[in-house]
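Participant: What follows is a structure written as structure tokens; I'll ask about it next.
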Amino acid sequence: MAGLLGRAQGGPRQNRHPCDQPFGHCDTLSRRAKQRAIVLSTPRATTSRPPARYNLPMDVYLGALLIFLLRITDVSIGTLRVIYMVRGRRLPAAALGFLEAGVFILAISTALRDLGNPIKMLGYACGFAVGTMLGITLENWIASGWLMVRIISIDKAESLMEALRNEGFGVTAVRGEGREGQRLILFLVTPRRNGRQILRIVQAWDPDAFVTVEPVATAIGGHIPHVAAPASVRK
């Protein structure tokens, strides 16, 4: 009995299994082991690289440029369509509307692929602004439609009327009462492409003449020759 107690007290300590401890201690060790395993198995946070599209900013700029060009085309066609529609030109307005809708769908679908990209949004807005100006410029260059020019000259109305008629324009003179007496009021209707030519003739003969120009929706009958405008009119 004493030998057994001596070995128990002074002898080498035997390794015990963790589950030989009091009740519940084994479960605590198991939970700690699991938590440690989870922590060790969790990958360390590393600096993630941005998507490839941000690594290549040229793709973003090309996309914005494409949206810009499509929007210019779309708005330019739309401006021309509205102008022709107001003038009652149904066939050109319908054809331009068809083209406008197709280009608009292509532009908006390209822009919606990345709504959070400010560069593409900037290209969309700039394309709208530039397209509006380009549409008006194209309409002025095409110069379709008619103009009514009204001229009031103080003392050179008759010579100015003869100069315009010699250039092939039909001029109608009407007498009117002004602040300083009677004046001749000259009226003429001409295609828009000849508007600048008429203004140059008036300025050459009477720089002090009062001139107003108004658009005409429709012109029927009368003496409206198709005078060829000089090349400098279309700028």
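Residue-wise test of (1) of a type in the set (Lys, Arg); (2) within 30 Å of Thr73 (Cα to Cα).
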site	(1), (2)
Ala129	no, yes
Leu134	no, yes
Ile152	no, no
Asn166	no, no
Glu180	no, no
Arg192	yes, yes
Arg196	yes, yes
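Participant: Just give me the residues in the stretch 91-109 being in contact (Cβ under 8 Å) with a residue 24 or more places away in the chain and out of contact with any Phe, Trp or Tyr (no Cβ under 9 Å at 6 or more places or on another chain), in sequence order.
Facilitator: Passing the criteria: Glu100, Val103, Phe104, Leu106.
Participant: Taking Gly116 as meeting all but one of (1) assigned by TED's automatic domain parsing to the domain that holds Ala219; (2) outside any helix (DSSP H, G or I); (3) not basic (Lys, Arg), write down the number of the exception.
Facilitator: Every listed condition holds for Gly116 apart from (1).
Participant: Hey, any hits in the stretch 152-161 for a residue that's in contact with a Gly (Cβ under 8 Å, 6 or more places away or on another chain) and assigned by TED's automatic domain parsing to the domain that holds Arg193?
Facilitator: Looking through the stretch 152-161, at least one residue is in contact with a Gly (Cβ under 8 Å, 6 or more places away or on another chain) and assigned by TED's automatic domain parsing to the domain that holds Arg193.
Participant: Within the stretch 181-204, which residues are touching a residue at least 12 places away in the same chain (Cβ under 8 Å) and out of contact with any helix residue (DSSP H, G or I) (no Cβ under 9 Å at 6 or more places or on another chain)?
Facilitator: Matches in the stretch 181-204: Phe187, Val189, Pro191, Leu199.
The values are calculated or read from the model by the stated rules, or taken from the named source; none is laboratory data. Computed from a prediction, not measured in an experiment: that's the story for all the values here. Note: ideal-geometry Cβ built from the backbone for every residue, glycine included; neighbour counts use all protein chains shown.
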